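Down below is the structure, laid out as structure tokens.
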Amino acid sequence: MSWLVGIDTGGTFTDLAAADTATGTIYTLKVPSVPENPALAVMAALAQLVEEYPVDWSDIHFLAHGTTVATNSILEGKGAKSGLLLNHGLRAIYPMRAGNHPSGPDLIDPYYTKPPELIRPAFTREVRGRIGFDGGEVEPLNEDDVRKAALEFKNEGMESIAVCYLFSFANPRHEERTRELINEVFPNCRVSLSSEVLPVIREYPRLSTTVLDAYVGPVVARYFEDLSGRLEHEGVNTQRFYIMQSSGGLKRMALAVRYPNETLLSGPAAGVVFSQKLSEHSGCPNLLTFDMGGTSADMSVVAGGVVDETREGSIAGQDLGTPMIQIRTIGSGGGSLAHMGKDGLLKVGPESAGAVPGPACYGRGGTEPTVTDANVRLGYLSVDNFLGGRMAGNAGLAKVALQKLGEDLGLDDVALARGILKIVDTQMAVGLRMALMERGADPRDFVLVAFGGSGPVHAVRLARELGISRVLIPRFPGIACSMGLLNTVVKYVYLQSFLARFHEVDPRAIERGFEDLRDKALKDREVEGLDDDSSELLYQLDVRYPRQGYELSVAVEHSKGRPVVSLDALKEEFHRQHHSYYGISAPDEEPEVVNLRLVLHGRIPQMTWSPPDVVEGAALKSHRSAWFDSAGDFVSTPVYDRVRLAPGMRIDGPAIVEQTDSATVVEPGMHFTIDPVGNLIIDLTGQQKG
């Protein structure tokens, strides 16, 4: 037997999806996360898979993992103690953060504090020496400065050093020599070079990304080493052990550990990849993705079956320039804590109860009310269905927690629960609306796809707020990110700055520039065990109009694996794309090339999509009281078992659909159907006639 396994670690639960390559059978499960050591939850999920299903440890021939280890080390301030080397006179660049100012809700927060530097100024050293804009050496590297700094960092107990020199993307020799000198003085120190982490123009994004790489690198390396050891001990010896990248593709763990900054959006990226695949199978090319878990909510846009990418990301206020799927994240999840703010008003999040102690209704010691507690009190969730009944809950504890905070705010428990949901829904609706606005998209053209353990509970209220008429809930919404891990490809992105106006550049110079990137790609392809038949190279140029601060990626034609540059065709395609994205273009302007971009895609085993195995028996489980604003009261609501809903079925609201990994709420006046692959489609437009 051979199994494909995807495991995604979240703030509250760790999710697993497994597919039998012979039969296509899919198994799913969830276990509580272990924040102090996520590897324990990964191993617990695999142990449960082996115990409950006909799987042996040695049968796992493919393992893909989405991890929050890098992200959590930033959110919790628990990264490695790191040093920073910069050119002489540039010490203030990192603390200045490119003059960034607060934005969004932070603009009106009187208690706003600037995100802290991951490397303090006291641990920054300046090095004499300079590379010019053209890659020529202006001043030789002062090797004594490097040795002195490395020795000081060693004595300070640093685990890693970030190195970012001016114009290193044009000539990396000073940075590479710096690493050699550090290794002489401090041989066990991890060194992050900006010329390797992000070899592109714009000093601050390159610097910030390199600092992030140094800060999370040792933490990620220890985690991967620990997890690999535990897997090997149990008999999982597959060479196909992959880590999800922020770009939505996989890398072998041995290679992913070299570039830990690329895992910062590992989990959320898998959810968007799953949605993109869902777009193909559902016939819905335009999807607004909504992934609400225990600690956060992630939103993205799939337009025309294509996922948007960006190089302008941010994690907890730390700027990131690595290519990634464009995802908007806010601190609103099932575990988000409700509390009275300093202004005396009800607030929800961003603090979370996490996996420990979790919401009050989990009965693990939590005493503050959360979004999950509010959903339990209003009847949307049943404590008897947590993890399909494997985890005991207590609705009384949710009510007590709500009553305690309600006393301070002058609200009863039901009113407070409604207020909590109103606030968190408003926060998420704003995030979803902004995701569409950034794309210039009309919400009426999109279907809202809701997943994550909490997403389907809130989906119809958000869709109604946004003016979206259809909601799609996948078969396994609470396991969607794990499913995404089994529906993607190996992906590497190589960048190199190449500044030139179209009318000045020689196409052969672009083709020669791509050759260097191609050599790197072929080396990584060999390590991945791929060949010409199982991979492809995609050539792109990052192009902009003069004086613009952003670029668009334009595909370059290729033949027999090598680029064929036609400047006229590229220019025409850039004008078209710019008009498509921004509603305007400037055909009379001569665009310019900013970066060369090469993407390596490698085909690997994926799960198959098939109709659901419907369990025989009545789908209607019971009735319970649930609050609906349209009724202004609790309503006796039918509760259905998702695994007993067959394709083609139609059911009118109000309704609650329960399954092991989530629950879906359908309001009065709506109805839902089950499509051929088991997706639940909610129609918000009311009853169909005839």
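The values are calculated or read from the model by the stated rules, or taken from the named source; none is laboratory data. Keep in mind it's a predicted model, so treat the numbers as computed, not measured. Here the Cβ positions follow ideal geometry from the backbone for every residue, glycine too, while neighbour counts run over all protein chains shown.
Residues that are free of Cβ contacts under 8 Å to residues at least 60 places away in the same chain, in a helix (DSSP H, G or I) and farther than 21 Å from Val565 by Cβ within region 505-555 comprise Lys523, Glu526, listed in sequence order.
Let's see how each residue does on (1) in contact with a Cys (Cβ under 8 Å, 6 or more places away or on another chain); (2) closer than 18 Å to Asp641 by Cα; (3) of a type in the set (Val, Ile, Thr); (4) not in a helix (DSSP H, G or I):
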residue: Lys404; (1), (2), (3), (4): no, no, no, no
residue: Val424; (1), (2), (3), (4): no, no, yes, no
residue: Gly431; (1), (2), (3), (4): no, no, no, no
residue: Met434; (1), (2), (3), (4): no, no, no, no
residue: Ala441; (1), (2), (3), (4): no, no, no, yes
residue: Arg461; (1), (2), (3), (4): no, no, no, no
residue: Gly478; (1), (2), (3), (4): no, yes, no, no
residue: Cys481; (1), (2), (3), (4): no, no, no, no
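Selection within region 355-377: residues that are assigned to a loop (DSSP other than H, G, I, E, B), touching a residue at least 60 places away in the same chain (Cβ under 8 Å) and crowded, with 21+ Cβ neighbours inside 10 Å. The member of this set that is nearest to the chain's Cα centre (by Cα) is Ala355. Going by what's in this entry, would Ile315 be described as surrounded by 22 or more Cβ atoms within 10 Å (Cβ to Cβ) and β-branched (Val, Ile, Thr)? For Ile315, the condition - surrounded by 22 or more Cβ atoms within 10 Å (Cβ to Cβ) and β-branched (Val, Ile, Thr) - is not met. Screening the candidates Cys189, Cys164 for the property of being over 25 Å from Met96 (Cα atoms), modelled with pLDDT of 95 or more and surrounded by 20 or more Cβ atoms within 10 Å (Cβ to Cβ) yields one hit, Cys189. If you go through region 622-642 and keep only what is under 26 Å from Tyr27 (Cβ atoms), crowded, with 18+ Cβ neighbours inside 10 Å and out of contact with any His (no Cβ under 9 Å at 6 or more places or on another chain), you end up with Tyr640, Arg642. Under the condition of being among the polar types (S, T, N, Q) and modelled with pLDDT of 85 or more, which residue from region 676-690 is nearest to the chain's Cα centre (by Cα)? Among residues in region 676-690 that are among the polar types (S, T, N, Q) and modelled with pLDDT of 85 or more, the one nearest to the chain's Cα centre (by Cα) is Asn679. With the structure loaded, tell me whether Asp226 is farther than 15 Å from Asp8 by Cβ and touching a residue at least 60 places away in the same chain (Cβ under 8 Å) or whether it fails that test. When the stated conditions are applied, Asp226 passes them. In the set Ala22, Ala80, Ala41, only one residue is more than 30 Å from Ala122 (Cβ to Cβ) and in a loop (DSSP other than H, G, I, E, B); that residue is Ala22.
Considering only residues in region 168-186 that are of a type outside the set (D, E, K, R) and free of Cβ contacts under 8 Å to residues at least 40 places away in the same chain, the one that is surrounded by the fewest Cβ atoms within 10 Å (Cβ to Cβ) turns out to be Asn183. Could you check region 443-459 and list, in sequence order, the residues that are under 18 Å from the mean Cα position of the chain (by Cα) and either over 20 Å from Gln276 (Cβ atoms) or in a helix (DSSP H, G or I) (or both)? Passing the criteria: Gly453, Ser454, Gly455. Does Val127 qualify as being buried (at least 16 other Cβ atoms within 10 Å of the Cβ), under 30 Å from Thr23 (Cβ atoms) and in contact with a helix residue (DSSP H, G or I) (Cβ under 6 Å, 6 or more places away or on another chain)? No; evaluated as a whole, the condition is false for this residue. Only one of the numbered conditions (1) more than 16 Å from Gly455 (Cβ to Cβ); (2) modelled with pLDDT under 90; (3) not small (Gly, Ala, Ser) is violated by Glu368, and that is (2). Annotation note: of Leu596, Leu645, the sole residue that is buried (at least 19 other Cβ atoms within 10 Å of the Cβ) and closer than 30 Å to Val493 by Cα is Leu596.
Counting only residues that are basic (Lys, Arg) and either under 19 Å from Thr12 (Cβ atoms) or in contact with a Pro (Cβ under 8 Å, 6 or more places away or on another chain) (or both), region 68-83 holds 1 of them.
Within region 193-209, being free of Cβ contacts under 8 Å to residues at least 60 places away in the same chain and not in a helix (DSSP H, G or I) holds for one residue alone: Leu193.
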